[in-house]
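What follows is a set of notes on a single structure, which appears directly below.
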Amino acid sequence: MEHVKTTGNDMDDFDDAELEELYSWIDGIPLSRPKRNIARDFSDGVLVAELVRHCCSQKGLVDLHNYTGANSTNKKEENWRLMNRKVFTKLGFELGDDVMRDVITAKPGVIEKVLMMLRTKLNRAEWELKKQTQKSKGGGGKKESDKPEADQYMGSPRGKGMKQDTTRGPDYPSIPKHKIIRSIAESDAVPRILFEEKEQECLAKDETIRILEAKIHRMEHLIHLKDVRIDDLQNRLETMRPTGVRRM
C-alpha cells in the first residue's frame, strides 16, 4: 500500500510540464463545477469522486451520492475519510491525516500530488480490468495446450495409437530426436508474465515520452517569448539612439 506524503513546499516537487499535463488531463474531464482554483475546488473531495467515476469503468468503486459539497472542515474531512477508506485503498494507496488536512485547507501543491498518484493508480486499474476482460473473453474459445508439441501429438487422434515406453521416454514416430528438442525449445518461448512486464514497461515509457514532449513544447514556447522580448528591446534601442548632432 502506497502512501502520499507531503513536503515543505509541495509545488517544488513538480516541473511546469508535469503540472501542465495534469491540468490538461483534468480539463478534459466533465465535472459538475467549474475549475477556477484547483486547491479550493477539490478541497471537499466531491470533484475527486466525480473524476474517479468518469475515469474508472469498474462498477461500484465510487457512489457519488455519498459525497456532498461542503464548506465546513468537518464535512470535508468526512468526505475524504470515506473516499480514503472506500476508494483509494481499493486502488492501492491511501492518504495520511496530514495530507488530508493539507488538502482540506487548500495548501498549494498537495492536491496536485494526490491527483498525480490517483491518475497513476486509475491507469493501472484500467489496465488490470482490460487484461481480465481479455482473459475472460478468450476463455470460451479453443484452449491452447500447455504441453510441449510432442506431447500434444501423442494426445491427438493421429498419435493415440502410438505406444509409449515409460522406461525410455515416448516413442515418437519417425521424428528425429534433435528436431523434437528444438520444437519444444521454440514453443511458447515468451512466458505470459514476462510479456505483461514488458507491456507495463511500454506503458511507462509512453508516459515518459508524453512528459518529455510536453517539456519540449514548454521550452519552445519560452524560447519564442524570449525572442519576442529581444526584438522588442532592440526596437526600443533603435528608437532611443540619436540620429545626428545638432550644430551651433
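The values are calculated or read from the model by the stated rules, or taken from the named source; none is laboratory data. Owing to the predicted nature of the structure, the values given are computational and were not obtained by experimental measurement. Here Cβ is always computed from backbone atoms with ideal geometry, including for glycine, and neighbour counts include all displayed protein chains. Note: accessible area is taken over every heavy atom of the protein model, side chains too, but ligands, DNA and RNA are not part of it. Shrake-Rupley method; radii C 1.70, N 1.55, O 1.52, S 1.80 Å.
Quickly run through the stretch 34-69 and pick out the residues that are open to solvent by 80 Å² or more (accessible area, probe 1.4 Å), free of Cβ contacts under 8 Å to residues at least 24 places away in the same chain and not in a helix (DSSP H, G or I).
The answer is Arg36, Lys59.
Is at least one residue of the stretch 234-245 in contact (Cβ under 8 Å) with a residue 40 or more places away in the chain, on the phi < 0 side of the Ramachandran plot and of a type in the set (Val, Ile, Thr)? Steps first, please.
Residues of the stretch 234-245 that are in contact (Cβ under 8 Å) with a residue 40 or more places away in the chain, as a first pass: none.
There is no residue in the stretch 234-245 that is in contact (Cβ under 8 Å) with a residue 40 or more places away in the chain, on the phi < 0 side of the Ramachandran plot and of a type in the set (Val, Ile, Thr).
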